[in-house]
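Accompanying notes for the structure given below.
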Amino acid sequence: MSPSTEIPKTYDPNSVEERWLQEWKDEDNYFDPLSQKPQFIIDTPPPYPTGNFHIGNGFNWCYIDFIARYKRMRGFNVMFPQGWDCHGLPTEVKVEEIHGITKNDVPRDEFRQMCRELTLQNIEKMRATMRRCGFSTDWSNEYITMMPEYYRKTQVSFLRMLKAGDIYQSEHPVNFCTRCETAIAFAEVTYDDRTTLLNFFTFDGVEIATTRPELLAACVAVAVHPDDERYTGMEGTTLTVPLFGYDVPVITDEAVDPEFGSGAVMICTFGDKQDVHWWKQHNLDLRKAIDLSGKMTAIAAPYDGLTTKECRERVLADMKEQGILIRQEELDQRVGACWRCKTPIEILSERQWFVKIHNEGIIKAAKDIMWTPDHMYSRLENWASQMEWDWCISRQRIFATPIPVWFCDKCGELIVPDEADLPIDPTAESPKQPCPVCGGTSFTGEEDVLDTWMDSSISVLNVTGWDGGDIPELFPAQIRPQGHDIIRTWAFYTILRSLALTGSKPWNEILVNGMVLGEDGYKMSKSRDNIIPPEAILKDYGADAFRQWSAIGAATGSDIVFSWTDVVAASRFQTKLWNIARFVLMQAGDVDAQGMDAVTALADRWLISRLSATVADVTEAMEAYQFDRAIRAIREFSRDVFADNYIELVKGRLYENEGPARDSALYTLRLSLATICRMLAPITPFFSEECYSYFSAGSVHTAGWPALSFADADADKNGALLVEVVSEVRRFKHDRGMALNAPLGAVCVYVADAFDDAGDASRALNATVTWSTDKPQLEEVISDVDFSMAVIGPSLRNKARGFMDAVRALSEDVLSSGVSHVTVDGEEIAVPEGAFDLVYAYRVAGEEVDVLTLNEGVIITVSRTA
Ligand SMILES: [Zn+2]
Ligand SMILES: [Zn+2]
């Protein structure tokens, strides 16, 4: 195509990448709904629009893009959509910060609008980074969960599940973050270990231990084990709660551990999950001592209005003063905290909305999905099988999908809108009809909003074309790529919702990637100052180097430690490959493709056979999403086999006169480079495109995946031997301090089966190389004696010279049969241990030669005269 003189000497990733970004069209990556090709839909994760597309996202997206590009080359109609999971607290907090307000200072709608504007700005920033990374996103399938066309679907899905009985409202204890002032799901609780104080005191003489004395006002019973003889007969009696002075019943329960403390425990509403269990089991009172903002209620008077922490201190101080506190012990404890703000969670009972969890159905569907790596499946199974409570989906926030229901003010009836009227905000709109039960016309809209996972757990339905009606034709998607940190949320909820709304699994496969750790091996965080933004890598090394790091840094599913060394190695590989490509293009850039018929020489057939094996290996790796294995195989072939072995071997042939042998090499060079470019295209799309553009009019990305299948057992065997012989003799030259192109005496290689190397070995070694199947007639002679002065000097002193002369004068026969004494000036001298070594030489037909041997019993002789 282009004259070779136009090929730049150096590869500048940034200018090349920027140029291709201008050249490529978004349309090239669109999913074609009318296509006859098999579909491959990727249920891409919709990131939270923080404005910062971090390296963890980048790593995740590299995997997705490798798959999307590879599948397109394999002839699939690929959809690589891009979603944005917008709703949630962090944006609300940011908006409050930016505008210096709290969410209650402005009308709900105005606050939402501020959140929307900030989100759109953030999305714009993240899109720019994604484009710069070269991701082949299908921007025609972009979705933004805060937009009416998306959250309409979330609302439809809510109503469908409500009607089916899979969603219900109930007053039930839930995990609650008093800082975020919202209920949260179990999946949003993280656990931290800490040491706390266990406080001992008595209820009417019965010793009780608690880590949460501030919950004393919420005590509703004291429980003992039914077989605990210390408390026989106490069941049904009452005890008085200290400080607060009211009575609570004594109950018995098998679950009480008699070994712990005094064997008596106080049950509060609610200290932990066990309290909730006992409270339900024994039908106990509900005493709400903590309100939604984390303050003590009137029930806790005189401590009402205090925070839980202040209350704890005051209660302990008062207990000490009144002599109620007996002692305190340290205790190691796991404490649940809000995953966003780290505030310890409370368990509070309020009216909330719940999604029913059908564990068995979820596990069955998950089993039917192919997991990569497969051990990730057990994470989902463990999580699903230990779920005890239903999924709490209501949140007491603003920037989220509204729960589309009203309550009749007169009779309390739950009113739902027609699906056709969605989306709605029930706090701003009213039902179109009067109450069907009482005819009332005054309603209160639900103020609670939906958990953001309710939006993102229908991403797969959205991308497969669900509009709230029947199961879409494109459903299920082919693959879900995601991190292992959201298996118990996004993966779990998506399977749950898919089963509820379609009755079947959401995808055929799920690919789970690891997390990116800082260079120090720790999770990236501001406090550790180990964050690497993708832009820092792009600026100096370009997107392809970043992408190569993603591919090679870790086995799929494993956490990956960021490494500048890997990035630099990736960049060096590109430089090396550019030099190779430049050489190939300058030699073979304008050669007409003649097809495999042109390939005649042994070395060429050997290389193409190796190339074919590499294609098979890389294909297998890509099919199994083993990107590290794929890039390693490509690098190894390009560098070691193609450049270091093959090109060095055939260079001489290229400089010869035109003819079939030269054509054979030219075709092989071109085919190999083109195949390398095509295999690399999913991982380094810019570099591959740049290289490929010099000898093809079309894009490498539409060239198709290489389908090379060439096997030649003879070429494998003899070609490998040819390469080995040449490199052995080159090493010999190097060891002798000879220039690699220096002329060498005749080289004879004694092999079992003769073959024609097309003169490659002779040219590569600048020698006449002959291949012989004869037995080498080698004659071994002693050519010299190598004395050790370190031995001779000290032991023989002034006789050393005479000794050496005497040894040299001995015949070959005497020397080879072993010498114990020699005569110097008539004196018998014993040969000291280690005084000399014999140096052997070989002769063939009377001429002295150097002999090299290879493992396979192959012997090479090199004449000493050039
Ligand atoms: Zn929180
Ligand atoms: Zn009514």
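The values are calculated or read from the model by the stated rules, or taken from the named source; none is laboratory data. All figures in this text were calculated on a predicted structure; none of them were measured in a lab. For neighbour counting, all protein chains shown are included, and Cβ atoms are generated from backbone atoms with ideal geometry for every residue, glycine included. SASA here: full protein model, heavy atoms, side chains in, ligands and nucleic acids out. Shrake-Rupley method; radii C 1.70, N 1.55, O 1.52, S 1.80 Å.
Observations
- Per the Debye formula on identical point scatterers at the alpha carbon atoms of the chain, with no solvent, log10 I(q)/I(0) at q = 0.07, 0.09 Å⁻¹ is -0.75, -0.99.
- Inter-site label distance for residue 810 and residue 367 at 7 Å from Cα along Cβ, in nm: 8.2
- Per residue accessible area of the stretch 119-167, 1.4 Å probe, in Å²: 35
- Evaluated over the stretch 670-747, the Cα radius of gyration and Dmax, each in Å: 18.8, 51
- Heavy atoms of residue 238: accessible area, 1.4 Å probe, square angstrom to 10: 80
- Sorted from longest to shortest, the spans of the Cα atoms of the stretch 218-300 along the three principal axes equal 42, 26, 23 Å.
- Heavy atoms of the protein chains alone define the surface here; on that basis the stretch 821-860 has 59 Å² accessible area per residue at 1.4 Å probe size.
- Chain lengthening between residue 740 and residue 359 when straightened (0.36 nm per residue, less Cα-Cα): 130.1 nm
- Accessible area (Å², per residue) of the stretch 717-764, counting only protein heavy atoms and a probe of 1.4 Å: 45
- Evaluated at q = 0.11, 0.15, 0.20, 0.23 Å⁻¹: base-10 log I(q)/I(0), Debye formula over Cα of the stretch 118-224: -0.75, -1.00, -1.25, -1.31
- Each Lys and Arg contributes +1 and each Asp and Glu -1, all at the Cβ; summed about the Cα centre of the chain, the dipole is approximately 1500 debye.
- Nearest-0.05 FRET efficiency for residue 528 and residue 429, computed from C-beta distance (R0 51 Å): 0.60
- On the chain, 47 percent of the accessible area sits on carbon and sulfur atoms, based on a 1.4 Å probe.
- A cut-off under 14 angstrom between Cβ atoms defines the neighbours of residue 523, and their net charge, with Lys, Arg +1 and Asp, Glu -1, is -3.
- By accessible area with a 1.4 Å probe, ligands and nucleic acids excluded, highest first: order of 243, 538, 740: 740, 243, 538
- Cross-linked pairs 103/280; 273/364; 125/576: Cα-Cα separations exceed 29 Å for 103/280; 125/576.
- Separation of the stretch 361-376 and the stretch 226-258, taken as the distance between their Cα centroids, equals 46 angstrom.
- Heavy atoms of residue 375: accessible area, 1.4 Å probe, square angstrom to 10: 100
- A simple spin-label model places the labels of residue 697 and residue 313 8.1 nm from each other, with each point 7 Å out along Cα-to-Cβ.
- Value of relative contact order over the chain, rounded to a whole percent, pairs C-alpha under 8 Å and six or more apart: 13
- If R0 is 56 Å, the Cβ-Cβ spacing of residue 783 and residue 15 corresponds to a FRET efficiency of close to 0.40.
- Checking the cross-link pairs 733/775; 25/71; 94/288; 163/410; 295/342; 94/432 against a 28 Å limit on the alpha carbon distance flags 94/288; 94/432 as lying beyond it.
- When the residues 526, 273, 733, 717 are ordered by accessible surface, computed with a 1.4 Å probe over the protein chains alone, the sequence from largest down reads 526, 717, 273, 733.
- Approximating the spin labels as points 7 Å out from Cα along Cα→Cβ, the residue 565-to-residue 837 distance works out to 3.6 nm.
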